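Quick notes on the structure that follows.
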Amino acid sequence: MKIRIKGNSLRYRLTKGDMSILEEKGELEEHTKFAGKTLIYSLKKTDKSMLAADFIENRITLFMPADMIAEIIHTDKVGFQNTHGELFLLVEKDFTCLDNIEEDQSDNYPNPHSLNTTK
């Protein structure tokens, strides 16, 4: 799971493996260590109807409705977005990059723009 933060925008990108864990356990969690502190970011299944987020004690938690989780996992749906207060939220599938990069992308979804559509 990756996060991207820019201004009042929070974006979570999920690989196929992340989706499997989310479906099985109902939550994902990652840690980033800073000098003496740890930032925790997580995604949790909720019974609410919209994406929502919290930031408490160095932990960012994005809450995603169970029906959205099922749809993003079992369909071609790319992602979901919502505005929670002033914060724009986005959860989406992590596609392979079209550029050559060093990052391991073996668990990412195939990029739809890289598929051959000619007959």
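Key figures for this structure:
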{"item": "Of all residues making up the range 1-39, the number that are out of contact with any Ser or Thr (no Cβ under 8 Å at 6 or more places or on another chain) and either in a strand (DSSP E or B) or not acidic (Asp, Glu) (or both)", "result": "27"}
{"item": "Residue list for the range 47-62, filter: over 17 Å from residue 79 (Cβ atoms) and surrounded by fewer than 14 Cβ atoms within 10 Å (Cβ to Cβ)", "result": "47, 48, 54, 55, 56, 57, 58"}
{"item": "Every residue from the range 23-58 that is of a type in the set (A, V, I, L, M, F, W, C), in contact with a Pro (Cβ under 9 Å, 6 or more places away or on another chain) and either within 18 Å of residue 93 (Cβ to Cβ) or touching a residue at least 60 places away in the same chain (Cβ under 8 Å) (or both)", "result": "51"}
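Bear in mind that the values in this text are calculations on the coordinates, not laboratory data. None of these values were measured; they are calculated from a predicted model. Here Cβ is always computed from backbone atoms with ideal geometry, including for glycine, and neighbour counts include all displayed protein chains.
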